[in-house]
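Worksheet: one structure, shown below.
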Amino acid sequence: MSSDHPGPPGGHQPYPRPYLEPAANPTWIGRVQPGNYQPAPGNPGGLPQQTWAAPPVSRGRRSPGTLPLLLAGAILVFGSLLLVVPFLLGNTGITGFVIGFIASLIPLSVVLLTVRLIDRWEPEPNRLLWFAFTWGAAVSIAGTLLIQPLFALAAPTTSEEAFTYFMATVQAPIVEEFTKSLGLLLLILGARKYFDGPVDGVVFAFTIAAGFAFTENILYFGREIASSSEPGTDLVRIFILRGVMSPFAHAIFTGTTGLIMGFAARRWHSGYAVVAFAIGLLPAMFLHNRWNSMGQDFLLDYFVVQVPIFLIAALGIIFLRLAEGKLTRQRLLEYARAGWFTPAEVEMLATSQGRRQAVRWAASRGRAAQMRAFIKGATALAFTRQRILSGRDVPVHQQDELDHLRAIPELRAAVLH
């Protein structure tokens, strides 16, 4: 950026030696096959080139993008609600449904806030997050209700206890994880442009699981109101168990599937997606089974097994977020070598501290929104380059790359003026 404006954006510093060295892949998450590597397009005008416009590019026929996925999802959600809502009302009654709905908003908010924090670096489109949430809240619940009777036929009938245990530890892990993760499979096949790494997989999986747990909580909370002789006491008990002690249970179960599918998405092939879906179901079902199998020693199992699992999951997500930052930096460095960014800009755009300082600096000049747009555009550019270097749909993503590069000078200028 222009050195006429002091602050984080920086000016025309000379490029230190590391910026001029051949491109490398220093982090495991950003590795590409040597045969797929290609240099970034050069900036014909050089920095700061705030008014450069790329020459027109011949555009082929645009794909419909995510529209078919969203339309199919909307139809499935509408049909699912025709089954799910009567089921809930039949088990909870109007009063139980309303109270259960309100109470379920609390753990839902906690999980969705966590999703937002995880997704802040490279946010997914809101339309796909809505697809994920409604899939979990409606379609996966409807799928579970339809498949569940088949497992009931295979359940032991020697006693009610044996039947209930089978349905909780066998049916629920298999059916619920399968129906939830089907949404992940549709996303990776129908919106692969946006599902290109483990963080994306975790974000979509957590969102689907948040929707599923939301509807399930309405059922559990509302049923306590409708059937208990002491509804207030029992509601508090079940809320502490599900809303306080385990709001992330479903998220962690399904998150393992999303993580594995996200790694498969790094090397795109529809066959990899299907295989990753099948493999990813195994740890999700296992963790779900272990949770539902906790009995008299619940508190011991909870603190000895479940809490460590949660902490490991949290550390893993933090690690993946840090890796996203490194990936952004190494890809923007390649654009810096091609003349699109200064070294100071790369450090600003590719580190959390740099971003915070940049937004504060821009806010002092009334340009916070413009700075956020510049950060978002540069991040999208970095991840588009990663898709190109991974060999996935290269012509499509090269067109996206040119679109992003056209926007960069305008986004920079909007911050400075």
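The values are calculated or read from the model by the stated rules, or taken from the named source; none is laboratory data. Predicted model, so just to flag it, every value in this text is computed and none were measured. When we count neighbours, we look across all protein chains shown, and the Cβ atoms used for this are built from the backbone with ideal geometry, even at glycine. We work out accessible area using only protein heavy atoms, side chains counted, and drop any ligands, DNA or RNA first. Shrake-Rupley method; radii C 1.70, N 1.55, O 1.52, S 1.80 Å.
Things to note:
- Taking only Cα atoms of the range 259-417, radius of gyration then Dmax in Å: 20.9, 66
- Once the C-beta distance of Val275 and Ile147 is scaled by a Förster radius of 25 Å, the resulting FRET efficiency is 0.65 to the nearest 0.05.
- For a straight C-alpha distance cut-off of 24 angstrom, the lysines reachable from Lys326 (same-chain residues fewer than eight places away being disregarded) are Lys193, Lys376.
- Solvent-accessible surface of the chain, averaged per residue with a 1.4 angstrom probe and all protein chains in place: 47 square angstrom.
- Convex hull volume of the Cα atoms of the chain, normalised per residue: 164 Å³.
- Electrostatic bookkeeping for Gln38 treats Lys and Arg as +1 and Asp and Glu as -1; over the other residues with beta carbon under 12 Å from its beta carbon, the sum is -1.
- GNM top mover of Thr351, Thr179, Thr95 - the chain, alpha-carbon springs below 10 Å: Thr95
- With Cα atoms, 0 to 90° folded angle of helix 270-292 axis to the chain main axis: 40 degrees
- Classified by the C-alpha gyration tensor, the range 330-417 has a prolate form. Its axis ratio a/c, with a ≥ b ≥ c, is 1.5 or above, and a/b is larger than b/c.
- Put a dot 7 Å past the Cα of Arg360, heading toward its Cβ, do the same for Leu189, and the two dots end up 4.8 nm apart.
- For the peptides 404-415, 151-162, residues were scored by their other Cβ atoms within 10 Å and the scores averaged per peptide; the highest-first order is 404-415, 151-162.
- Solvent-accessible area of Val307 with every protein chain in place, 1.4 Å probe, in Å² to the nearest 10: 40 Å²
- Helix 249-265 vs. the chain, principal-axis angle (Cα, 0 to 90°, nearest 10): 40 degrees
- Between Ala168 and Leu182, residue separation times 0.36 nm minus the direct Cα-Cα distance comes to 3.0 nm.
- Among residues other than Arg321 with Cβ under 11 Å from its Cβ, the summed charge is -1 (Lys and Arg +1, Asp and Glu -1).
- Normalised alpha carbon radius of gyration of the range 145-231 [divisor 2.2 N^0.38 Å]: 1.40
- Here the scattering of the range 125-186 is modelled by Debye summation over its C-alpha atoms, one equal scatterer each and no solvent; at q = 0.16, 0.20, 0.24 Å⁻¹ the log10 of I(q)/I(0) is -0.55, -0.74, -0.91.
- MRE, 222 nm, helices only [DSSP H, n ≥ 4, -39500 (n - 2.57), over the chain, to nearest 500]: -23000 deg cm²/dmol
- Dividing the C-alpha radius of gyration of the range 320-373 by 2.2 N^0.38 Å, with N its residue count, gives 1.17.
- Accessible area of the chain belonging to carbon and sulfur atoms, whole % at 1.4 Å probe: 66 percent
- Relative to the dominant Cα principal axis of the chain, helix 172-190 is inclined by about 30°.
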